[in-house]
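Any read-out appearing in this document is the output of simple, stated calculations on the displayed coordinates, not a laboratory observation. Predicted model only: the values in this text are computed from it and were never measured. Note: ideal-geometry Cβ built from the backbone for every residue, glycine included; neighbour counts use all protein chains shown.
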């Protein structure tokens, strides 16, 4: 067997083993807190990952791919297609790029402002389509991160209910960096409690079933605190160069 074929086979096998390990860790984390493991879905965060490795992850059972950039996602979807897999936008989106999103993604995890929500709604109205979205919460109050502040979201959630071409399905967060996974727990708990307060508002048209929380370093803690979607990249595809690490 040529050396390149052996290398590719090893790479595919390694990713399959990684996916299996991550799925088992998801299962164990859910069971520890009495949750059904099926209530947690894995999003393979594939920024900068080549299509061969993504294809291997899909073959190993991954059904959701999370991409950060529109152009990169467009190229990968063109090569890999949509059969049996969802494509989620997990990175930030500029308002002038909204028009491209509807043809690429099944869900957006990173809706971070009312202004962006209104722009997505306008585009959806023109197309006669709806977009499933999660609202990004800046749970740490970090100036370098976008997202809704908790109190702002509680006060303005009713405005989102007027945007009929958005399907608000839950919340997403990226906590401040911590040395240990346990350091993220208070932030994930805050987001879970925020969701409970939003549910209590009983605003018609808004659903809060999803919590997109947790990445490679802390997804088990996130699951213990209620995550329904975990965005895992490094544990599946291996470490990225330092400048590209995120997930």
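Relative contact order of the chain, taken over Cα pairs closer than 8 Å and 6 or more residues apart, is 19 percent. Largest GNM mean-square fluctuation across 85, 33, 191, computed for the chain with C-alpha springs under 10 Å, falls on 33. Beta-bridge orientation, the stretch 3-236: approximately 0 percent antiparallel, per DSSP, counting only bridges with both partners inside.
Entry note, the chain: the mean residue ellipticity at 222 nm calculated from DSSP H runs of n ≥ 4, each adding -39500 (n - 2.57), is -13500 deg cm²/dmol after division by the residues and rounding to the nearest 500. Look at 161, 110 and count the other Cβ atoms within 10 Å of each Cβ; fewest to most, that gives 161, 110. Shown for 213, 101, 107: other C-beta atoms within 10 Å of each C-beta, ranked fewest to most, produce the order 101, 107, 213.
The reciprocal of the average 1/r between distinct C-alpha atoms defines the Kirkwood hydrodynamic radius, which for the stretch 3-236 equals 18.3 Å.
Report the residue, chosen from 204, 220, 86, that carries the largest GNM mean-square fluctuation when the chain is represented by alpha-carbon nodes joined by springs under 10 Å. For the chain, modelled as a Gaussian network with Cα springs under 10 Å, the answer is 204.
FRET efficiency for the residue 182 to residue 59 pair, using the beta carbon distance and R₀ = 30 Å, is estimated at 0.30. What FRET efficiency, computed as 1/(1 + (r/R0)^6) with R0 = 25 Å and r the Cβ-Cβ distance, is obtained for residue 158 and residue 193, rounded to the nearest 0.05? Efficiency, from the Cβ-Cβ distance: 0.80. Relative to the longest principal axis of the Cα atoms of the chain, the long axis of helix 114-127 makes an angle of roughly 80 degrees.
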